[in-house]
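K.L.:
Quick one: the structure is below, questions incoming.
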Amino acid sequence: MASHDDCAGNSTLLAIYPRKEGALMLHYVGIAGTNIKRSTNLQLLQYMRRRYSKEAVIEIIDISNLPVFYKANEDHIPDTVNTLAAKIEAADGVVIATPEYDHAVPAVLSSALAWLSYHTHPFAGKPVMIVGASYGSLGTSRAQAQLRQILDSPELKASIMPSSEFLVGHSLEAFDENGNLKNSRLDDQLKGLFSDFDVFVKLTKQMIHSQRQAKEQTKNVNWLNN
C-alpha cells in the first residue's frame with residue numbers, strides 16, 4: 001500500500017505532468033548547464049527530446065534566468081528557484097547536459113545546483129543522467145566527472161546513473177541541418193544509454209530505503225555553519 005507521502009508525491013506529479021489514463025510515459029526534466037542560447041548542449045537535449053518522444057517526455061528548463069547563488073533566508077528563495085525545484089521534485093528523472101570550461105562545469109550550472117541544495121532538496125534520491133557536448137575532442141569528460149561529485153554531495157544526494165558517460169566531441173560539426181546527430185555510432189550509443197536510464201529510473205523508484213536515506217541526509221545539512 002502506498003504511504004501518505006507517496007500519494008502526495010503522485011498528486012504533485014500529476015498536477016505538473018498530467019498523464020493520460022494507461023500511459024506509461026516517463027517525464028524528465030532536461031537541464032542544459034549554460035546561458036548560451038545557441039549552445040550545442042541545449043541542441044543535444046532538444047535532439048533527445050525529439051528522438052525519444054515515444055519513450056519519455058523531456059521538459060527542457062532554462063536556468064539562465066536564475067540569480068547568482070547567495071545565502072538568502074528560507075522565506076526569500078527566488079520564485080524561479082522554487083519553480084524549478086518543484087518541477088524536478090515531480091519529474092521521474094533529470095537529464096543534465098553540461099559544457100566544460102577550464103576542466104569544470106560552467107558557473108551558471110554550479111550556481112543553479114547550489115540553489116537546489118539550499119533549503120530545498122529536489123535532487124535527493126532523484127535519478128540523473130549526465131551527457132555533454134564540447135567544441136574540442138574530449139566532450140566534457142572532466143566536467144562530467146566534477147558534476148558527478150557535486151550531485152553526490154550531502155546537500156544534493158542525487159542517484160546518478162553509473163557507467164553512463166556520453167561525450168559529443170567537435171560538437172559544432174556533430175549535428176546536421178535538422179539538429180540530428182550525424183554519427184550513427186554515437187547515436188546508437190545514446191539510444192542504448194537512454195534505454196538504460198529508463199531501467200535505472202524504474203529500479204531507483206523501488207529502492208525505498210536508499211531514497212528515504214538520501215532525503216533524510218539532505219534535511220540534516222546545516223547551511224548556517226557552512
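K.L.:
Would you say TYR28 is at pLDDT below 95 and among the hydroxyl-bearing types (Ser, Thr, Tyr)? It would help to see each step written out before you state the result.
P.N.:
On the way: at pLDDT below 95: no; among the hydroxyl-bearing types (Ser, Thr, Tyr): yes.
No: the conditions fail for TYR28.
K.L.:
So which of SER159, SER210, SER117, SER164 is touching a residue at least 12 places away in the same chain (Cβ under 8 Å), open to solvent by less than 20 Å² (accessible area, probe 1.4 Å), farther than 23 Å from GLN46 by Cβ and not charged (D, E, K, R)? Steps first, please.
P.N.:
Details: SER159 fails: open to solvent by less than 20 Å² (accessible area, probe 1.4 Å); SER210 fails: open to solvent by less than 20 Å² (accessible area, probe 1.4 Å); SER164 fails: farther than 23 Å from GLN46 by Cβ.
Being touching a residue at least 12 places away in the same chain (Cβ under 8 Å), open to solvent by less than 20 Å² (accessible area, probe 1.4 Å), farther than 23 Å from GLN46 by Cβ and not charged (D, E, K, R) holds for just one of SER159, SER210, SER117, SER164, which is SER117.
K.L.:
Please determine, by comparing only the residues of segment 30-48 that are assigned to a loop (DSSP other than H, G, I, E, B) and open to solvent by 50 Å² or more (accessible area, probe 1.4 Å), which one is nearest to HIS170 (Cα to Cα). Can you show your working first?
P.N.:
So the first thing to find is which residues in segment 30-48 are assigned to a loop (DSSP other than H, G, I, E, B), and the list is 33-39.
Still in the list and also open to solvent by 50 Å² or more (accessible area, probe 1.4 Å): 35-38.
On the way: ASN35: 20, ILE36: 17, LYS37: 18, ARG38: 15 Å.
If we take residues in segment 30-48 being assigned to a loop (DSSP other than H, G, I, E, B) and open to solvent by 50 Å² or more (accessible area, probe 1.4 Å), then ARG38 is nearest to HIS170 (Cα to Cα).
K.L.:
In segment 172-192, what residues are open to solvent by 70 Å² or more (accessible area, probe 1.4 Å), assigned to a helix (DSSP H, G or I) and of a type outside the set (Lys, Arg)?
P.N.:
Of everything in segment 172-192, those that are open to solvent by 70 Å² or more (accessible area, probe 1.4 Å), assigned to a helix (DSSP H, G or I) and of a type outside the set (Lys, Arg) turn out to be LEU172, GLU173, SER184, ASP188, GLN189.
K.L.:
Being open to solvent by 30 Å² or more (accessible area, probe 1.4 Å) and not in a loop (DSSP other than H, G, I, E, B) is the filter here, so list the residues in segment 146-156 that pass it. Working first, answer last.
P.N.:
Applying the first criterion (open to solvent by 30 Å² or more (accessible area, probe 1.4 Å)) to segment 146-156 yields 146, 148-150, 152, 154-155.
Listed by number, the residues that qualify are GLN146, ARG148, GLN149, ILE150.
K.L.:
Also: From VAL201, VAL221, grab the single residue that is buried (at least 21 other Cβ atoms within 10 Å of the Cβ) and of a type in the set (Val, Ile, Thr). Let's see the steps before the verdict.
P.N.:
On the way: VAL221 fails: buried (at least 21 other Cβ atoms within 10 Å of the Cβ).
Only one candidate passes the filter, namely VAL201.
K.L.:
Continuing with the same structure: Identify the single condition in (1) at pLDDT below 95; (2) within 20 Å of LYS157 (Cα to Cα); (3) not in a helix (DSSP H, G or I) that ASP6 does not satisfy, given that it satisfies every other one.
P.N.:
So ASP6 meets the others, but not (3).
K.L.:
Also, quick follow-up: Do you know which of the residues in segment 71-89 that are closer than 15 Å to VAL128 by Cβ and of a type outside the set (Val, Ile, Thr) is surrounded by the most Cβ atoms within 10 Å (Cβ to Cβ)? Even if it seems obvious, please write down each step before you answer.
P.N.:
Pass one, segment 71-89, residues closer than 15 Å to VAL128 by Cβ: 84-85, 87-89.
Those left that are additionally of a type outside the set (Val, Ile, Thr): 84-85, 87, 89.
Details: LEU84: 23, ALA85: 19, LYS87: 18, GLU89: 19.
The residue in question is LEU84.
K.L.:
Now, a different point. Taking the condition modelled with pLDDT of 95 or more, in contact with a helix residue (DSSP H, G or I) (Cβ under 9 Å, 6 or more places away or on another chain), closer than 28 Å to SER195 by Cβ and crowded, with 21+ Cβ neighbours inside 10 Å, does GLY139 pass? Quick ask: steps written out before the conclusion?
P.N.:
On the way: modelled with pLDDT of 95 or more: no; in contact with a helix residue (DSSP H, G or I) (Cβ under 9 Å, 6 or more places away or on another chain): yes; closer than 28 Å to SER195 by Cβ: yes; crowded, with 21+ Cβ neighbours inside 10 Å: yes.
It is false that GLY139 is modelled with pLDDT of 95 or more, in contact with a helix residue (DSSP H, G or I) (Cβ under 9 Å, 6 or more places away or on another chain), closer than 28 Å to SER195 by Cβ and crowded, with 21+ Cβ neighbours inside 10 Å.
K.L.:
Here's a follow-up. I'd like to check something: does segment 49-70 contain any residue that is within 28 Å of ASP198 (Cα to Cα), out of contact with any strand residue (DSSP E or B) (no Cβ under 8 Å at 6 or more places or on another chain), of a type outside the set (Phe, Trp, Tyr) and crowded, with 19+ Cβ neighbours inside 10 Å?
P.N.:
No, segment 49-70 contains no residue that is within 28 Å of ASP198 (Cα to Cα), out of contact with any strand residue (DSSP E or B) (no Cβ under 8 Å at 6 or more places or on another chain), of a type outside the set (Phe, Trp, Tyr) and crowded, with 19+ Cβ neighbours inside 10 Å.
The values are calculated or read from the model by the stated rules, or taken from the named source; none is laboratory data. Given the structure is predicted, the values throughout are model-derived calculations rather than measurements. Reconstructed Cβ throughout: ideal geometry from the backbone, glycine too, with neighbour counts over all protein chains shown. Each accessible area value is taken on the protein alone, full model and side chains, heavy atoms only, with ligands, DNA and RNA left out. Shrake-Rupley method; radii C 1.70, N 1.55, O 1.52, S 1.80 Å.
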